[in-house]
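All remarks here apply to the structure that follows.
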């Protein structure tokens, strides 16, 4: 059973919302919508590394907040509500120097006023790079 408000929302529709934003600039791409998860990838390159040549923790957090926020927006009726990040934490488990990472967001809680998402970021071998938890506030549009 799908958790999404709009069951037929496509990756292309979601991507069009991120054109000309940081999401677009650092190369985050939404790749898969499942019944209860959303996936995205991000390159590990000159846009996303820190001075030691490894994936910047802030880039991992940007990926986690991006995918969790998109997921929350897909759960709610956006004609009546908006969703905004309330809290995020991240544990950086393993360094990554090149290639790409994949994030998967799954809900831990989908309430009427808050959503809590677990976002796992892994490398090409499915090794855990970062684990994050995002809390999103659901607000009524004014």
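Taken residue by residue, segment 45-53 has at least one member that is surrounded by 17 or more Cβ atoms within 10 Å (Cβ to Cβ) and closer than 18 Å to residue 103 by Cβ.
From the list 90, 95, 73, the one residue that fits, being within 26 Å of residue 111 (Cβ to Cβ) and touching a residue at least 40 places away in the same chain (Cβ under 8 Å), is 90. A single entry from 40, 90, 59 fulfils the requirement of being closer than 27 Å to residue 12 by Cβ and touching a strand residue (DSSP E or B) at 6+ places or on another chain (Cβ under 6 Å): 40. Among the residues of segment 62-83, the ones that are in contact with a strand residue (DSSP E or B) (Cβ under 9 Å, 6 or more places away or on another chain) and over 12 Å from residue 101 (Cβ atoms) come to 15 in all.
Residue-by-condition table, conditions (1) under 16 Å from the mean Cα position of the chain (by Cα); (2) surrounded by fewer than 16 Cβ atoms within 10 Å (Cβ to Cβ); (3) closer than 20 Å to residue 123 by Cβ; (4) at pLDDT 90 or above:
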residue: 6; (1), (2), (3), (4): no, yes, no, no
residue: 16; (1), (2), (3), (4): yes, yes, no, no
residue: 22; (1), (2), (3), (4): yes, yes, no, yes
residue: 25; (1), (2), (3), (4): yes, yes, no, yes
residue: 33; (1), (2), (3), (4): yes, no, no, yes
residue: 38; (1), (2), (3), (4): yes, no, yes, yes
residue: 43; (1), (2), (3), (4): yes, no, yes, yes
residue: 62; (1), (2), (3), (4): yes, no, yes, yes
residue: 69; (1), (2), (3), (4): yes, no, no, yes
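Among the residues of segment 79-99, is there at least one that is surrounded by 17 or more Cβ atoms within 10 Å (Cβ to Cβ), within 19 Å of residue 133 (Cα to Cα) and out of contact with any helix residue (DSSP H, G or I) (no Cβ under 6 Å at 6 or more places or on another chain)? Scanning segment 79-99, I find no residue that is surrounded by 17 or more Cβ atoms within 10 Å (Cβ to Cβ), within 19 Å of residue 133 (Cα to Cα) and out of contact with any helix residue (DSSP H, G or I) (no Cβ under 6 Å at 6 or more places or on another chain), so the answer is no. Looking at segment 16-32 only, could you name the residues that are over 21 Å from residue 61 (Cβ atoms) and assigned to a helix (DSSP H, G or I)? 16, the sole residue that qualifies. Every condition in (1) under 19 Å from residue 131 (Cβ atoms); (2) surrounded by 14 or more Cβ atoms within 10 Å (Cβ to Cβ) holds for residue 58 except the one numbered (2). Residues being surrounded by 15 or more Cβ atoms within 10 Å (Cβ to Cβ) and closer than 16 Å to residue 40 by Cβ: count how many of those fall in segment 100-135. Residues that pass the stated criteria total 20.
The values are calculated or read from the model by the stated rules, or taken from the named source; none is laboratory data. In this text the structure is predicted, and so the values were computed from the model without any measurement. A quick note on method: Cβ atoms are made from the backbone with ideal geometry, for glycine too, and the neighbour counts reach across all protein chains shown.
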